[in-house]
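Undergrad: Take a look at this one; I'll ask things after.
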Amino acid sequence: MLELTDVTKEYKVGGQVVRALDGVSLRIEPGQFTAIVGPSGSGKSTLLHLLGALDSPGTGSIRFQGAEIGGLDDDRQSEFRRHRVGFIFQFFNLLPTLSAWENVAIPKLLDGTGLRKAKPRALELLDLVGLADRAEHRPAELSGGQMQRVAVARALIMDPPLILADEPTGNLDSKTGASILELLGDITRQGNSVVMVTHDMGAVRYCDRLVTLRDGKIRSNERVEHTDNGEIRTMPVELTESMTDNAAADSETAGADSETAGAVRP
Ligand SMILES: Nc1ncnc2c1ncn2[C@@H]1O[C@H](COP(=O)(O)OP(=O)(O)OP(=O)(O)O)[C@@H](O)[C@H]1O
Ligand SMILES: [Mg+2]
């Protein structure tokens with residue numbers, strides 16, 4: 001669904017050039033829940049911004065459902081964002097003077113849908129995130145976790161195939177964070193893709209891909225597998241993809257593969 005090829009992004013500030021992304025190639029499939037992890041400054045948010053066409057790459061290509069989005073002009077970029085992408089940011093970005101349902105409805109209203117049509121859908125989504133009884137509350141009258149759930153509902157109202165989340169659980173207690181992650185997992189099971197930047201390795205158990213960035217480069221790209229005893233285990237994607245490519249791979253090769261599989265994480 002999304003394919004990045006050799007994407008580079010540099011920022012120039014004063015005389016200094018920062019290479020925030022350096023030759024990133026990555027595929028994201030429909031229904032995939034991808035976690036992006038890595039140290040501060042490794043390029044995670046930059047990558048998310050490029051995936052959502054909030055910014056353009058310096059060089060390289062970003063294709064979404066086969067069409068190049070890397071070099072779109074401003075109008076086409078915002079068109080792409082409005083119809084294809086739902087954003088969930090760490091600090092919610094809710095409008096303080098609007099109620100919960102109005103915040104959820106905003107993308108539809110901006111797209112020209114009338115209030116009478118937008119409201120029932122907004123209420124439905126608030127119900128989905130467990131906030132049916134908070135529809136008339138303003139953001140200041142909600143808890144942090146509730147605000148984040150409003151932001152999730154707002155990200156879903158255009159039914160976008162791609163949801164991008166930057167630290168969606170960063171400000172939440174672990175129980176509320178888990179409910180947001182479960183919700184995002186449900187969304188991927190309906191075929192939408194979620195790409196989530198996180199510092200929380202515990203969040204990775206909800207994902208099926210784990211991409212680690214370091215200094216603007218992909219350090220590892222792993223499939224997340226769940227073991228019978230409730231732990232997770234990661235395995236490099238190249239390995240599993242080459243295994244599918246060679247369905248007839250003999251058991252000797254399979255044995256070698258399992259030895260190079262990533263560590264079991266609690
Ligand atoms: N708008 C900008 N102008 C100049 N430099 C930037 C800009 N945005 C990011 N950078 C630089 O690019 C690098 C990558 O930044 P990015 O925000 O992608 O990191 P990150 O992995 O999201 O970090 P964090 O975990 O702290 O959020 C950093 O060195 C940062 O200083
Ligand atoms: Mg960041």
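Undergrad: Count, please, the residues in segment 115-163 that happen to be in contact (Cβ under 8 Å) with a residue 24 or more places away in the chain and among the basic types (Lys, Arg).
TA: Of the residues in that region, 5 qualify.
Undergrad: Give me a count of the residues in segment 193-210 that are part of a loop (DSSP other than H, G, I, E, B) and over 18 Å from Pro30 (Cβ atoms). Give the derivation first.
TA: First, pick out the residues of segment 193-210 that are part of a loop (DSSP other than H, G, I, E, B): 198-200, 207-208.
From what's left, over 18 Å from Pro30 (Cβ atoms): 198-200.
Residues in segment 193-210 being part of a loop (DSSP other than H, G, I, E, B) and over 18 Å from Pro30 (Cβ atoms): 3 in total.
Undergrad: Here is a further query. Can you tell me which residues in segment 43-71 are of a type in the set (Gly, Ala, Ser), within 16 Å of ligand 2 (Cβ to nearest atom) and surrounded by fewer than 22 Cβ atoms within 10 Å (Cβ to Cβ)?
TA: Just the residues of segment 43-71 that are of a type in the set (Gly, Ala, Ser), to begin with: 43, 45, 52-53, 56, 58, 60-61, 66-67, 70-71.
Narrowing the set further to residues that are within 16 Å of ligand 2 (Cβ to nearest atom) leaves 43, 45, 52.
Passing the criteria: only Ser45.
Undergrad: Further question: Looking at segment 38-75 only, could you name the residues that are part of a loop (DSSP other than H, G, I, E, B) and within 10 Å of ligand 1 (Cβ to nearest atom)? Don't jump to the end; show me each part of the working.
TA: Of all residues in segment 38-75, those part of a loop (DSSP other than H, G, I, E, B) come to 38-43, 52-58, 65-66, 69-73.
Of everything in segment 38-75, those that are part of a loop (DSSP other than H, G, I, E, B) and within 10 Å of ligand 1 (Cβ to nearest atom) turn out to be Gly38, Pro39, Ser40, Gly41, Ser42, Gly43, Asp55.
Undergrad: I'm trying to understand the selection: among the residues of segment 164-184, which are crowded, with 20+ Cβ neighbours inside 10 Å, out of contact with any Lys or Arg (no Cβ under 9 Å at 6 or more places or on another chain) and either without any contact (Cβ under 8 Å) to a residue 40 or more places away in the chain or closer than 22 Å to Ala135 by Cβ (or both)?
TA: Pro168, Thr169, Leu172, Gly177, Leu184
Undergrad: Select, from Ala247, Ala178, the only residue that is at pLDDT below 95, outside any helix (DSSP H, G or I) and away from ligand 1 (no atom under 16 Å from the Cβ). Working first, answer last.
TA: Values: Ala178 fails: outside any helix (DSSP H, G or I).
Among Ala247, Ala178, only Ala247 is at pLDDT below 95, outside any helix (DSSP H, G or I) and away from ligand 1 (no atom under 16 Å from the Cβ).
Conditions (1) outside any strand (DSSP E or B); (2) within 16 Å of the chain's Cα centre (by Cα), marked per residue:
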residue: Leu183; (1), (2): yes, yes
residue: Gly191; (1), (2): yes, yes
residue: Thr212; (1), (2): no, yes
residue: Val224; (1), (2): no, yes
residue: Asn229; (1), (2): yes, no
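Undergrad: Looking at (1) touching a helix residue (DSSP H, G or I) at 6+ places or on another chain (Cβ under 9 Å); (2) within 27 Å of His49 (Cβ to Cβ), can you tell me which one Trp101 breaks?
TA: Failing condition for Trp101: (2).
The values are calculated or read from the model by the stated rules, or taken from the named source; none is laboratory data. As the structure is a computational prediction, the values presented were derived from the model and not from experiment. Neighbour counts run over all protein chains shown; Cβ positions are idealised from the backbone, glycine included.
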